[in-house]
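Novice: So that we are looking at the same thing, I have put the structure below in structure tokens.
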Amino acid sequence: MAVNTAPSTADPLDVQPSPLALLLLGREADAASERGVDCPGDLPSPSDPDLVARARAAKERLGERVFVLGHHYQRDEVIQFADVTGDSFKLARDAAARPDAEYIVFCGVHFMAESADILTTDDQRVILPDLAAGCSMADMATAEQVAEAWDVLTEAGVAERTVPVSYMNSSADIKAFTGRHGGTICTSSNAERALRWAFGQGEKVLFLPDQHLGRNTAVRDLGLSLEDCVLYNPHKPNGGLTAQQLRDAKMILWRGHCSVHGRFSLESVEDVRARVPGVNVLVHPECRHEVVAAADYVGSTEYIINTLDAAPAGSKWAIGTELNLVRRLANRYAAEGKEIVFLDRTVCFCSTMNRIDLPHLVWTLEALAEGRTVNRITVDPQTEKYAKLALEQMLALP
Ligand code: SF4
């Protein structure tokens, strides 16, 4: 494969927007939106010069009654109003540690707000500033599809020996399915521990919904082979697998992926190594297996932040994760002489998370300050009960 070996003179973070990125960033209609719900009110204009002052004033009026959570992948204009930042699980726990806050404004995506609702008290209201902020990966596994898959596993005679392990990035329904069938939730930080625990409970794992995290953890951390893993495609009869394939497999991977991390390719790694001599390639385990195999370091968002924090001055890093976070890290560590570039040449925002912008945040905070609860996310009690079982199993992982 031909690679560009000329030294780069461009800003390494000056990546180019693709038409798809612009579409998903909400500047055009998004026909594939997984939620597609408009906010029931008049959003302030994005060009209103008073947006920052308005958000500040509304937040001050609410005082301790509101707690704003900002996911690492969120826009800077929103992050500046977050009381805490973190990954999805840390933020849900932060919310649970603030039982006095009447409103939890979750600047993330839908499944994260659901998890916060599960872990907070019934009196607390979890708010998602834009109901269209879903997660394409979470939407790749619906409750109906997963129930059907379990029937397929039952018919093949393997369901009894299979333990579901679901990534945090899944809907409350999928977490409840996992709890009902004796499984556990995992994050990208504890996926190895979750799989080791699951293989102590049964012979096989059904890993939902991110095939890449499941495969990477099984092969890299547990030493399984690629042949031990099969891919269950919910859009094909019987998942596209024979009963014998299901019986032979150790890992049954759901055919889901992250539309952000799935865009990094082996070519991205080869290209950046040619452009930036001596670069360390650090990627998230939601990336494809060949990308992870070609990288120098692999780990969760928290791992990425901690690794860059501990990196020596003068070191060079290409990061394979969401662009908002990479930009913030590049700015933060530039003063320490650490060169941080984005792994790909094109924009790689989490488009659904980017739906939450300053106009949505202002609209939400002003409504709450006026006593109107908008965009509340609730999980029904039965779903909550079983989803909580699976979350508690994760907290109890050895
Ligand atoms: S980065 Fe990927 S997994 Fe995370 S919220 Fe966005 S689409 Fe979902």
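Novice: Only four residue types carry charge here, +1 at the Cβ of Lys and Arg and -1 at the Cβ of Asp and Glu. Report the dipole size of region 138-258 about the Cα centre in Debye, rounded to the nearest 20.
Specialist: That gives region 138-258 a dipole magnitude of about 260 debye.
Novice: Report ³J(HN,Hα) in whole Hz for each residue of region 384-398, in order, from the Karplus equation J = 6.51 cos²θ - 1.76 cosθ + 1.60 where θ = phi - 60°; Gly and Pro get x.
Specialist: 4, 4, 7, 5, 5, 4, 5, 5, 5, 4, 4, 5, 8, 4, x
Novice: Could you give the size of the charge dipole of the chain about its Cα centre, using +1 on the Cβ of each K and R and -1 on the Cβ of each D and E, expressed in debye and rounded to the nearest 20?
Specialist: 620 debye
Novice: Using square roots of five times the C-alpha gyration tensor eigenvalues, list the equivalent-ellipsoid semi-axes of region 138-258 in whole Å, biggest first.
Specialist: Semi-axes (√(5λ), whole Å): 18, 17, 14.
Novice: What residues qualify as long-range amide H neighbours of V84, i.e. H under 5 Å apart, gap of 5 or more or another chain, H built at 1.01 Å from N?
Specialist: Here the answer is V68, G70, since their amide H atoms fall under 5 Å of that of V84.
Novice: Taking only DSSP H segments of four or more residues, each worth -39500 (n - 2.57), what value at 222 nm results for the chain once the sum is divided by all its residues, to the nearest 500 deg cm²/dmol?
Specialist: About -10500 deg cm²/dmol.
Novice: Output ³J(HN,Hα) for region 149-163: one whole-Hz value per residue in order, computed from phi by the Karplus curve 6.51 cos²θ - 1.76 cosθ + 1.60 with θ = phi - 60°, and x for Gly and Pro.
Specialist: 4, 5, 4, 4, 5, 5, 5, 7, x, 10, 4, 4, 9, 10, 10
Novice: Follow-up. Work out Dmax and Rg for the chain from the C-alpha atoms and quote the Rg first, both in angstrom.
Specialist: Radius of gyration, then largest Cα-Cα span, for the chain: 21.3, 63 Å.
Novice: While we're on this one: How large is ³J(HN,Hα) for each residue in region 69-74, as worked out from phi by the Karplus curve 6.51 cos²θ - 1.76 cosθ + 1.60 (θ = phi - 60°), to whole Hz, x for Gly and Pro?
Specialist: Values per residue, Gly and Pro as x: 9, x, 5, 3, 8, 6 Hz.
Novice: Here's a follow-up. Residues with amide H under 5 Å of V126's amide H, sequence separation 5 or more or different chain, H placed in the peptide plane at 1.01 Å from N; which?
Specialist: Sorted by chain and number, the residues that satisfy this are I104, I377.
Novice: Check which residues have an amide H placed less than 5 Å from Y232's amide H, if you skip close sequence neighbours.
Specialist: Result for Y232 returns L253, W254, R255.
All of the numbers you see were taken from the coordinates with simple rules; none came from a lab. Keep in mind it's a predicted model, so treat the numbers as computed, not measured. Virtual Cβ from ideal backbone geometry, glycine too; neighbours counted across all protein chains shown.
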